[in-house]
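Here's the structure we're looking at; comments come further down.
The values are calculated or read from the model by the stated rules, or taken from the named source; none is laboratory data. As the structure is a computational prediction, the values presented were derived from the model and not from experiment. We place every Cβ from the backbone using ideal geometry, glycine too, and count neighbours over all the protein chains shown. SASA here: full protein model, heavy atoms, side chains in, ligands and nucleic acids out. Shrake-Rupley method; radii C 1.70, N 1.55, O 1.52, S 1.80 Å.
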Amino acid sequence: MAGAHELELYASAAVVIGAGQPLLIALSGARNEERSPVQVLSAIWRRRPWPWATAVVLAVVLVMIGLQYTVPGLSGHLMRQPDALRDGRWWRVFTALFIQSSGLVQIVVNVPALAVAGPVAERVLGPRRWLLVFFGSGVAANVVSEAGWSRTGGGCSVAICGLVGALAALCLVRAASPKRQRANATAILAAGVFLCAIANNHGVGLLAGCVLGLVVAWPRKGYDRVSEPVPQR
């Protein structure tokens, strides 16, 4: 049964990554000739205004990764733990976003994902709304996790899912979005629903990001950035 659950989780993750990658590239502003991962990443970080909110959060994540491997017991004091909310340790639903509790594999996945998805989402949402979506969706996922879905652990992937969910929702509600983008966005939201159905906290991050993205960015100025003409791969 555990094997089947893991298979469902990996399949959903593949859908999110497979559908999210072209959506992020389409919104990144990369030119047609900038198709390699390095070129796309460079194009994302060259755009103005510079994504300072992403840079600050990414820097904190990297510092915390260093500290969790050099300061004994730090991870245990900051990540999710059973009954933490009931015992008044509410800060853990926030600090757990900066503890990569699954080790090297989680670090290798989360850091590049934040470096790519973060600046694209900040371009669309703006820095203040980006922070609201990132921390709002991340905290929501950790609160649900504390309720029983995943009571021990940490990581910023749930908040990154929130950013991707916000972009997907905004693409869906905009009539001018290309059909391919709308299809990718639909697949991302469907994966979020499925992940919630199997009690995976990344689904909460995705769906919370969808709601927060619509609330804070539509139909305000940041939402209009989705309509900027960008080259298709």
Single residue of GLY103, GLY126 found to be at positive phi and either among the aliphatic types (A, V, I, L, M) or surrounded by 13 or more Cβ atoms within 10 Å (Cβ to Cβ) (or both): GLY126
Unmet requirement for GLY154, which otherwise passes all of (1) within 13 Å of the chain's Cα centre (by Cα); (2) crowded, with 24+ Cβ neighbours inside 10 Å; (3) over 16 Å from LEU206 (Cβ atoms): (1)
What are the pairs with Cβ atoms under 9 angstrom where one residue, in region 193-209, is without any contact (Cβ under 8 Å) to a residue 12 or more places away in the chain and the other, located anywhere, is open to solvent by less than 30 Å² (accessible area, probe 1.4 Å) and assigned to a helix (DSSP H, G or I)? Sequence gap at least six, or different chains. CYS196/GLY203; CYS196/VAL204; CYS196/LEU206; ALA197/GLY203
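Residues checked against (1) closer than 14 Å to ALA141 by Cβ; (2) among the small types (Gly, Ala, Ser); (3) buried (at least 24 other Cβ atoms within 10 Å of the Cβ):
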position: LEU172; (1), (2), (3): no, no, no
position: ALA176; (1), (2), (3): no, yes, no
position: LYS179; (1), (2), (3): no, no, no
position: ALA185; (1), (2), (3): no, yes, yes
position: ALA191; (1), (2), (3): no, yes, yes
position: PHE194; (1), (2), (3): no, no, no
position: ALA197; (1), (2), (3): no, yes, no
position: LEU206; (1), (2), (3): yes, no, yes
